[in-house]
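In what follows, a single structure is set out as structure tokens and then discussed.
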Amino acid sequence: MALRLGMGSLGRDRNPHPFEDMREAAAWFDILELNETDPVKIARINAQKLLRL
């Protein structure tokens with residue numbers, strides 16, 4: 001719910017992560033029902049931009 005709210009209000013390019021524990025976040029993220037491109041955009045592209053990789 002938090003992810004969908006974030007995507008709806010901020011877009012897929014700027015979405016806050018609702019978890020602090022990475023194991024909990026990874027397990028939660030793995031069961032989401034997202035289209036093919038959103039997980040890559042949320043989990044990889046946002047990190048690359050944030051960390052300037």
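Observations on the model:
- Filter result for LEU53 (loosely packed, with under 10 Cβ neighbours inside 10 Å, among the hydrophobic types (A, V, I, L, M, F, W, C), modelled with pLDDT of 80 or more and outside any helix (DSSP H, G or I)): yes
- Within the range 3-45, considering residues that are in contact with a His (Cβ under 9 Å, 6 or more places away or on another chain) and either among the aliphatic types (A, V, I, L, M) or assigned to a loop (DSSP other than H, G, I, E, B) (or both), the one modelled with the highest pLDDT: ILE42
The values are calculated or read from the model by the stated rules, or taken from the named source; none is laboratory data. Since we're looking at a predicted model, the values are computed, not measured. With ideal geometry, Cβ positions are generated from the backbone for all residues, glycine too; neighbour counts draw on all protein chains shown.
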